[in-house]
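Read the figures in this text as sums done on the coordinates, not as results from a lab. A quick note: this is a predicted structure, and the numbers were derived from the prediction, not measured. Here the Cβ positions follow ideal geometry from the backbone for every residue, glycine too, while neighbour counts run over all protein chains shown.
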Amino acid sequence: MSIDTGIAAFRRPFAWRELILQCWFIARVSMVPTFMLAIPFTVLTVFVLNILLLEIGAADMSGAGAALGAVSQIGPMVTVLVVSGAGATAVCADLGARVIREEIDAMRVLGIDPLQRLVLPRVIGSTAVALLLNSLVALVGLIGAFLFSVYVQHVTPGAFAAGLTLVTGASEVVVSIVKAGLFGLSAGLIACYRGLTVKGGPTGVGQAVNETVVFAFVALFFINVVVTAVGVKATA
């Protein structure tokens, strides 16, 4: 299905309207969970890091640690959780319901390719939203880390801001973007595959949604490990 979806990307006409609708749909179901996860993840990381830095008298390095954590790890990891837990499950349930109602079979009878009309817009939409969510998490995380460090743990604002780019540069941002794009692509493909292969009526839809979460988590964490290792080697 992944190969067929890639081939369908070069066929015309392209379902632009469906792409826009799916981008908005996935973003709508993912936005609130993103905010709810990004702030606690970042604050907890910065809290532990700042305690260590205060013990060794290096509190001015708080910004460097917060930037590295938010950009390279927290942003992609929160994207993993949100895209697979909210966006992918919603896509799988939508396609599974269409299969149960025999809409997919009706499309094939009419000569409409479901991969081109339904799967491709959802995969591209999932990838695009994952990239946007990764940037949003990094931004929210840095703002939350700044406020928590300055107003709760009394870190100097200027020192925090000056340390943001100390160990985090363009290479770390590129690796983070690549991670997010692969996360969105993989989650979209897994969700669409499980949605289109639903069997057993409404009960099968529920099972497919649960399997989508499990498969997406496993695939995305594996991708995170591989891309992180390759990125460290490439940028060392």
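Listing for the model above:
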item	result
Computed E for residue 35/residue 173 - FRET, C-beta separation, R0 25 angstrom, nearest 0.05	0.75
All-pairs Cα distance distribution in the range 1-128, expressed in whole percent, bin size 5 Å	2, 10, 15, 16, 14, 10, 8, 7, 6, 5, 4, 2, 1, 0, 0
Value of [θ]222 nm, deg cm²/dmol, for the chain, DSSP H segments ≥ 4, -39500 (n - 2.57) each, nearest 500	-26000 deg cm²/dmol
For the chain, projected area of the alpha-carbon convex hull averaged over all directions, nm²	14.1
Among 213-220, 141-148, the order from most to least packed when residues are scored by Cβ within 10 Å on average	141-148, 213-220
The range 2-229, relative contact order in percent, only Cα pairs under 8 angstrom and at least six apart counted	34
